[in-house]
1. Enumerate the residues in region 449-465 having an amide nitrogen under 14 Å from the point lying 7 Å beyond the Cα of residue 475 toward its Cβ.
2. Between residue 339 and residue 543, what is the spin-label point distance in nm, taking each point 7 Å from the Cα along the Cα→C-beta axis?
3. Work out the FRET efficiency for residue 160 and residue 7 from their Cβ-Cβ distance, taking R0 = 35 Å, and round it to the nearest 0.05.
4. Can you sort 395, 670, 190 from fewest to most other Cβ atoms within 10 Å of each residue's own Cβ?
5. Ranked highest first by average number of other Cβ atoms within 10 Å, how do 351-361, 614-624, 468-478 line up?
6. Please give the contour-minus-distance gain from residue 437 to residue 262: 0.36 nm per residue of separation, less the Cα-Cα distance, rounded to one decimal in nm.
7. Give the shape of region 1-70 as rounded, prolate or oblate, defined through the alpha-carbon gyration tensor: a ≥ b ≥ c are the square roots of its eigenvalues, a/c under 1.5 means rounded, and otherwise the shape is prolate if a/b is larger than b/c and oblate if not.
8. Using a/c under 1.5 as the rounded threshold, could you call region 631-749 rounded, prolate or oblate? The axes a ≥ b ≥ c are square roots of the C-alpha gyration tensor eigenvalues, and prolate needs a/b larger than b/c, oblate otherwise.
Amino acid sequence: MDRNLKIFITVMLILSVISQFLPFKRDAVSLINVITNLAAFMGLSYACIYSRKVYPHLYLTLLLLSAAQFFSFLGDFTWFILESILSLNPFPSVADLFYLLYYPIFAAGIFTIPIKRYSDLRSIIDLLIILVASASAAWVFLLEPTVFAGGDFTEVLVSTLYVLGDLLIVFMIMDLIINKLGHLRSRTLHVFLASIIILLAADISFTYQNLTGIYAGGTPQDLLWAFSYILLLIAVNEFFKEDWSKPLYVEKKVTAVTYTPYIFIILFYLLTAYSVIKGGAEKSTVLLVSLGFIIVLFILRQHLSMKENMALLNDVENERRRAENYLEVAGSLIMVLDEKTRVKLINRRGLEILECDAGEVAGKNWFMTFVPPEDRGWREKLYTEKISSGSKGYHLTGEILTCKGDRKTVTWHVVFLREDGEFRGSIISGDDITELQRATRALEMSEMRYREIFELAPSPIISVGDDLIIRDCNRRAESVLGYQRGELIGRNLMDLIHPEDAGEDFEGERRLLRSNGDVIYADIGVARVGDERIIIIEDQTEIRRSLQEKELLLREIHHRVKNNLQIISSLLSIQERQLESEELSDVLRESRERIRSIALVHEHLYRSTNLRTIRIRNYLNNILSKLSQGQTHGKDVRISSSIEDLEFNLETSLPIGLMVNELVSNSLKHSGADNITVELRSLNGTLELTVKDDGIGLESPEVLEKSGSMGWYLIRALTDQLDGELKIETEDGLSVSLRFRELGYRERY
């Protein structure tokens, strides 16, 4: 699911829960329904625009569904305006007109879903059972009470049309399940179906509650509409992840679809029982028992019949699996194509050659998916011509595309399948000869390729024997070392290595001598091929010079940053001396101490031999020393430290230094302590910084949280920056501990 959609759904669900605790929850729930309905309409509209280019056969369906959702949104929006803003009775009103337009358009959209139908006599009977059960229940519990209850004609008419609209959607959904969806694996349609079922449940519940006078707006039942629209959004999101050009059908309906009519029979029985008991009919117990017994016999008979059919299907399935097992042990690729050149069956060896899973091959068009584009036309034409000519089959050698994007060469033998003279597909066997062809081609071209690579390589390459006598070299070796090929061949390799770097192992960074005596820095790699060693030389001279220049520049930058920060600190010090307010002087003094902590980082970096990391012990001890020397609070406080000798990068060192500066300064200023201790240690992969004093302490950690001081705000910000966990203890003074991990470098550009 996309991140933005997850955020939207999470926000809507949270608002839905919150709405139930608001005094104006009716208006809040109505607004949530409007927002989610608008989002569902926008999602369907986007899918409609997308399908016009990618899946034009779905355009009409999505257009009708989008139009229906638009009228549903207009209904919710109008209802919200009338009820929540204008304080008018929204039923009946123009909102109901929009709602009623939703039903026929939405039903038309469901009917036009371009999926293969599987209608038969049993499916028709199942639909009739569902229709009779649904219509009867709707008449008894909704239509009859509405029609004969009297009252305003418009209200009766609108209520009746709502029930008929719900019946229409129920019938179209059941037709989709029994004749279409039961044979199709589609996450999109399943989520879409769930959203419509929830929508129908909300509509029917609202109609019944409104009819019986027990409806109360803003209840969780009203949120069912919003949940339906959210599921519709999820279905739209799934739509973009599926390949709708080739729907994946299954051999038989799923079991749940087969038993769908039974659900309506049981529901009808329960509603009948409720009606008889509620109506107080005589001999109701006998009627209920008789009707229940008949239904049990009917279901039992149907179940036994289904068990027999399933046993037959299992026999067929066992035969099919046995045949597949025969194919699985075959050492060649064997597959079956249907009359439209789609892969119906492929064995294990075939999947290995294609580098695919079974789901990536089944149902795919062979020529469009696995034949290279440049060969697709003539190979498909040859296949068609052989079929038209009545040929039994043919042989072919050609390339294929695997699921990983590789190309392989396969020899094919194609045999056509015909029943009563009609073409039904083909059986194809193939052997992978890719490696054989590659080996042959490699043997023929190895010498030429070797010479071309050897001569055109951008790095110097030298071939030597075990005696280190140079046998061959490329042109780049001549230009870098300053020798002619004839001067290098026959020379000992050790003559080219600087005497101070000479040794038995000459691999790695070494200095080489040019013909004119100049020294070059090189990274030497060695690879053994047979009885010779290939020496590859990477000239690092210019890189070394560039790195030295950049290192000097970086040190100078750190030095200047440190100097600039000291200038800023000096300016603040001058300003501090001119202030009469002790409070403002303290603010400037604290700022100077923070700036000094930052400057120390840059001082340690430019003085360090390693510009990437800082020895944290030296850095923190330097900060503590300057804080100890600058005490101005009436008495000398002993500051001690126990800091492990660790190296941190700049990303971690700077916030740690600022935090130590802030916490120690706070203890010096406010705690009245005699001793302050700073500890930094590593604990099982994590790091722990602790600053504690033996001062007056605090009543509770909440005092710091509520103080609102700049120092505490800075400590919290630094904790978040380090992604750390802060722990505060107030017994026997104040102790602040931070657990964290070293941060990685974050790219700024």
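Only the coordinates and a few stated rules stand behind these numbers; no lab work does. Keep in mind that what you see is a predicted model, and the values were worked out from it rather than measured. In this analysis, Cβ positions are derived from the backbone assuming ideal geometry, glycine residues included, and neighbour counts consider all displayed protein chains.
1. Residues 451-461 qualify, since their backbone N sits under 14 Å from the label point.
2. Rounded to a tenth, the inter-label distance reads 6.5 nm.
3. Approximately 0.25, to the nearest 0.05.
4. Listing 395, 670, 190 from fewest to most nearby Cβ atoms yields 395, 190, 670.
5. Numbers: 351-361: 16.0, 614-624: 20.3, 468-478: 17.6.
With the highest mean Cβ count within 10 Å placed first, the list reads 614-624, 468-478, 351-361.
6. Values: separation 175, 0.36 × 175 = 63.00 nm, distance 6.16 nm.
Result: 56.8 nm gained on full extension.
7. The shape class here is oblate.
8. Values: a/c = 1.82, a/b = 1.53, b/c = 1.19.
Prolate is the answer for region 631-749, as a/c is 1.5 or above and a/b outweighs b/c.
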